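Student: Take this structure, written in structure tokens, and hold onto it; I'll ask about it next.
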Amino acid sequence: MITRRALFAGGASLGLTAALGASPVRAAARRAPLSDVFQLGVASGEPAPDGMVLWTRLAMDPVALDGLGGMPDRPVPVLWQVAKDENFRKVVRVGAEVARPEAAHSVHVELDGLQPGAEYFYRFRVGTEISPTGRTLTSPAPGTTSRELNLAFTSCADYQTGWFTAYRRMAEDHPDLVAFLGDYLYEYGDYKYPVRDQAGGECLDLAGYRLRHAQHKADPDLQAAHAIAPWAVVWDDHDIENAWAGDIPEQPDPPFLPRRAAAFQAYYENMPLRRAQKPDGPALHLYRSIRWGAVANLHLLDTRQYRDLYACTGKSGTVGPECTERLAPNRTILGAEQEAWIEGELRGSKATWDLLGQQVFMMEMDWVNGEGKGYSNEGWDGYTASRNRLAAAIDDNRRNGVVLTGDVHSHWAGELKRDHQDPASRSVGVELVTTSITSAGNGLDEYPNTQQLLNENPHVKFFNGRRGYVNAKLTQAEMKVDFRSLRVITQPHAPAYTSGSFVVEPGNPALHPA
């Protein structure tokens, strides 16, 4: 048995021998000590009633151009510890893993056997170095309602565009769970006038994606957000390549599937994901559900990997009413297997709230002011039959459906109709769209055409064009939503303010100003 003393006190070598066994790894532990290896911080994710995933990645030089973080080409033993208190006086679990160079020295500890609905603290150790402490939670026991869910969600963090202050403000709000809805990073090369300089050029291979992830993870504001609560993540296009759709890239070079495989591997290495999400070349099963007792289910969707190509043009953009291909009944943004899965999840749900965390605008949106209409063929407007099938599943199963969306770099809130093509169609859920962490710059609270856009889309109730995130407090009685905004991200340390607040009630799919 590995004791707390053996792992985090004087008897580390005894603990390593018991935990790691194989002599080559023990030999690696005895080599010259490493220094300052926890520069990428710590994270947790995928909470369950009995555990979660703990993550770290070792790096002595996060911006080393080979993407390996300045680490030696050898395995490194990593010890971990979980306690009920942040001073680690009440340690409940200890263990050891090996950070291997073929996985960029990342560590994923998949824990079970913990108490449901509980707060824990964790840390790692390499040699004499101890990582920062992270806070995490298990989800409540199935069927229980004693613990509410304080959820934060956001998207779209472009390192070159500004400072990650919104992450720190989110951490200061002390969420129970953070949902990140895509574009954790941007694959682009260097901008002409960046706010912050990024390392490396465009991400094209495994070294490039690893480097980009490492530079993001080295940011102290992002580290604060990862350390405060478990995360649940999904990707969007820029995590791989702008506007990719299924197996089709935006650009023909380099060969897309090897590039996607590299991006998927780096994504897994750098996120607190379970083994079930470990990629198989250019394939990664990302859609899944996280349950929070009987209060809420968070269903995480993948709208990139299985979608049909963009309607009418084959490229992402705005199309008019003449584009009837977007209305075709066989078009899908999720793929048949994922559609069947989410319909089954909704049919079997016993929770008060069913949250659908995904990437792109789901409710209909006419983006053209005045005469004429224009719809995004990249969002669900380009896949109306797929949207109608999901809306019907929410409605027919009498679920309190709340769609959580990223992508568009602005806050929106509106109501999802059973069929947006039918003017008399009723609302079956609400959609909450988070703005970005940095993408699109400082932004404005309102633009000159904002009010006209809202007037011409009466099911859309709210807009704010600053950067930020969304907080949502869910109980059996209501869902209280605060849109949090920052006026400046081109300079650090901006305060956050609440730009809009709404309440959603069970059985009433409408937004009520709070």
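The values are calculated or read from the model by the stated rules, or taken from the named source; none is laboratory data. From a predicted model like this one, the values you see are computed outputs, not experimental measurements. All Cβ positions, glycine included, derive from the backbone under ideal geometry; neighbour counts span all protein chains shown. Quick note on the areas: whole protein, heavy atoms, side chains included, nothing else; ligands and nucleic acids left out. Shrake-Rupley method; radii C 1.70, N 1.55, O 1.52, S 1.80 Å.
Student: Taking Cβ-Cβ under 4.7 Å as the only way to count a partner, pick out the unpartnered cysteines of the chain.
Tutor: That list is CYS156, CYS203.
Student: Go through segment 397-430 and name the trypsin sites (Lys or Arg not before Pro) that are in a DSSP coil and have 16 or fewer other Cβ atoms within 10 Å of their Cβ. Spell out each step's value before the answer.
Tutor: Details: sites: ARG398, ARG399, LYS417, ARG418, ARG426; in loops: ARG398, ARG399, ARG418, ARG426.
Those satisfying the criteria are ARG398, ARG426.
Student: So with the 1.4 Å probe, I'd like the accessible area per residue for the chain, rounded to whole Å².
Tutor: Heavy-atom accessible area per residue stands at 37 Å².
Student: Counting only protein heavy atoms and a 1.4 Å probe, tell me what percentage of segment 71-121's accessible area is made up of carbon and sulfur.
Tutor: 38 percent
Student: HN-Hα J couplings of segment 321-329 from phi, Karplus 6.51/-1.76/1.60, θ = phi - 60°, integer Hz, Gly and Pro as x?
Tutor: Each residue of segment 321-329 in turn: x, 5, 7, 7, 4, 5, 8, 4, x Hz.
Student: Mind checking the dipole of segment 209-270: about its Cα centre, +1 per Lys or Arg Cβ, -1 per Asp or Glu Cβ, Debye to the nearest 20?
Tutor: Magnitude of the dipole: close to 260 debye.
Student: Within 10 Å of each candidate Cβ there may be at most 11 other Cβ atoms; applying that plus a DSSP loop requirement, which trypsin sites (Lys or Arg not before Pro) in segment 175-280 survive?
Tutor: Answer by residue number: LYS192.
Student: Moving on. Output needed for segment 383-470: three equivalent-ellipsoid semi-axes, defined as square roots of 5 times the C-alpha gyration tensor eigenvalues, in descending order, whole Å.
Tutor: Listed largest to smallest, the semi-axes of segment 383-470 are 26, 15, 10 Å.
Student: Ok, one more. Testing the spin-label approximation: label points 7 Å from Cα along Cα→Cβ at VAL503 and GLU102. State their distance in nm.
Tutor: Those two pseudo-labels are separated by 5.6 nm.
Student: Which of LYS217/LYS473; LYS373/LYS417; LYS84/LYS350; LYS315/LYS461 have a Cα-Cα distance over 25 Å?
Tutor: LYS217/LYS473; LYS84/LYS350; LYS315/LYS461
Student: Counting helices only, and only those DSSP H runs with n ≥ 4, report the 222 nm mean residue ellipticity of the chain as the sum of -39,500 (n - 2.57) divided by its residues, in deg cm²/dmol to the nearest 500. Walk me through the numbers on the way to the answer.
Tutor: On the way: 10 runs with 97 residues, N = 514.
So the helix-based figure for the chain works out to -5500 deg cm²/dmol.
Student: Taking H placed 1.01 Å from N in the peptide plane, check which residues at least 5 places from TYR120 or on another chain put their amide H under 5 Å from its amide H.
Tutor: THR136, LEU137, THR138
Student: Return the Cα extents of segment 435-514 along principal axes one, two and three, sorted largest first, each rounded to a whole Å.
Tutor: 42, 31, 17
Student: Then there's this: For the chain, which longest stretch is free of loop sites, where a loop site is one of the GluC sites (Glu not before Pro) that DSSP puts outside H, G, I, E and B and that has at most 10 other Cβ atoms within 10 Å?
Tutor: Answer from the scan: 1-321.
Student: Given N residues in segment 231-307, what is its alpha carbon radius of gyration divided by 2.2 N^0.38 Å?
Tutor: 1.17
Student: Plugging the Kirkwood radius over Cα pairs into Stokes-Einstein for segment 167-326, at a temperature of 25 °C and a viscosity of 0.890 mPa s, what D comes out in µm²/s?
Tutor: Approximately 142 µm²/s, per Stokes-Einstein.
Student: May I pose another question? Of the heavy-atom accessible surface of segment 271-341 (probe 1.4 angstrom), what whole percent is carbon and sulfur?
Tutor: Working: 1580 of 2930 Å².
Carbon and sulfur atoms account for 54 percent of the accessible area of segment 271-341.
Student: Now for a separate question. When averaged across all projection directions, what area in nm² does the alpha-carbon convex hull of the chain cover?
Tutor: 23.0 nm²
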